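Since the structure comes first, as structure tokens, the remarks are kept for the end.
Each reported figure results from applying straightforward, stated rules to the coordinates on display, with no laboratory input. Since we're looking at a predicted model, the values are computed, not measured. Ideal geometry is used to build each Cβ from the backbone, glycine not excepted, and the neighbour counts take in all protein chains shown.
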Amino acid sequence: MTTHNRDQQPPQGWTDETEFHLPEDHWPLPELVHTEKPHEGPTTASFIAISKTPEYQNLRSTFRRFAFPMTIAGLVSYFTYVLLSIYAVEFMSTPAIGAINVGTLLGLAQFAVTYIWTAAYVRFANRKLDPTASALKARLEEGAQA
């Protein structure tokens with residue numbers, strides 16, 4: 001491994017000067033630490049075999065049944081806001097709370113809706129997707145080590 005002095009100029013022809021501009025507390029760069037013993041990765045054949053299992057097919061359909069309706073709902077929500085701001089200017093400029101108008105409130109609601117949808121997805125994934133995905137991953141890794 002080549003080490004560099006912070007005050008040293010980058011080597012000739014060196015185009016990425018990123019590490020020469022790191023703060024003092026990040027220099028020298030720490031060594032990578034591996035916490036797992038090295039193992040061979042799964043083969044293409046094992047990925048194909050797993051993709052044909054009923055567990056994998058169920059995982060995909062479970063994900064799709066959740067993701068597609070939520071994506072459509074998100075797009076409808078967003079484009080409704082955009083279209084209202086274009087074609088219902090009078091409605092969007094109606095004062096709601098003091099100097100804050102309906103458009104501002106609906107715009108801020110987009111952030112809340114995004115947070116709620118993200119939390120719903122994380123909860124769904126933790127309960128429905130992750131256990132199956134972890135089991136499939138373990139099967140892939142066992143097959144790679146065998």
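Key figures for this structure:
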| quantity | calculated |
| --- | --- |
| Enumerated helices (runs of 4 or more DSSP H) restricted to the stretch 81-146, each holding at least 3 residues that are among the hydroxyl-bearing types (Ser, Thr, Tyr) | 102-124 |
| Residue that is farthest from PRO42 (Cα to Cα), among those in the stretch 121-143 that are among the hydroxyl-bearing types (Ser, Thr, Tyr) and surrounded by 13 or more Cβ atoms within 10 Å (Cβ to Cβ) | TYR121 |
| Yes/no for PHE68 being within 18 Å of the chain's Cα centre (by Cα), on the phi < 0 side of the Ramachandran plot and part of a helix (DSSP H, G or I) | yes |
| Qualifying residues in the stretch 59-114 (those that are closer than 30 Å to LYS137 by Cβ and aromatic (Phe, Trp, Tyr)) - the one surrounded by the fewest Cβ atoms within 10 Å (Cβ to Cβ) | PHE68 |
| Long-range neighbours under 9 Å by Cβ, at least six apart or interchain, first residue within 20 Å of TRP117 (Cβ to Cβ) and in contact (Cβ under 8 Å) with a residue 40 or more places away in the chain within the stretch 54-75, second assigned to a helix (DSSP H, G or I) and of a type in the set (D, E, K, R) | THR62/LYS128; PHE63/LYS128; PHE66/LYS128 |
